[in-house]
Every structure is written in structure tokens, then in C-alpha cells.
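Structure, as C-alpha cells:
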Amino acid sequence: MLGAVVVSAPALWCAWIALTTDIDAAMPALWAGLAAGIGVLLVGVTAGSMIFTRRGGRLMEFAEST
């Protein structure tokens with residue numbers, strides 16, 4: 001979760017600038033936030049699929065036993 005906050009820091013910075021001084025920084029904030037969100041989503045899905053591939057058998061055994 002800390003990684004997601006770090007990745008979104010440029011978007012947060014541009015949004016802060018857009019809110020306090022220059023409204024022209026709103027579009028870079030939008031695109032930076034969109035790119036950060038898509039990047040974090042892709043990394044999360046990839047990591048989750050690799051973990052499920054490795055541990056899926058044990059997870060399914062546990063699900064069937066309860």
C-alpha cells in the first residue's frame with residue numbers, strides 16, 4: 001500500500017498545485033493519476049496471479065475442507 005502512495009505522489013503534487021495556484025496543472029494531475037492507477041492495477045493483478053499459481057492447490061484444498 002505504501003508503494004501505491006509513492007507512485008501516486010506526482011499526481012498528488014500536481015493536484016495540490018492545481019488547487020492552490022495554477023489550474024493548468026489539473027490535466028497533468030489527471031493523467032498522472034490515471035497512469036499510476038493503471039500501473040498499480042497491472043502490478044497487483046500480475047503479482048496476485050503468480051501467487052495464486054504457486055499456492056492455488058493449497059488454497060483450494062482449504063476451501064473444500066471447510
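The values are calculated or read from the model by the stated rules, or taken from the named source; none is laboratory data. From a predicted model like this one, the values you see are computed outputs, not experimental measurements. Side chains are part of the model used for accessible areas, which takes the heavy atoms of the whole protein and leaves out ligands, DNA and RNA. Shrake-Rupley method; radii C 1.70, N 1.55, O 1.52, S 1.80 Å.
All of V45, V7 fail the test of being under 17 Å from the mean Cα position of the chain (by Cα) and at pLDDT 95 or above, apart from V45. Evaluate the following for L12: is it of a type outside the set (S, T, N, Q) and either within 18 Å of the chain's Cα centre (by Cα) or open to solvent by less than 60 Å² (accessible area, probe 1.4 Å) (or both)? In short, yes.
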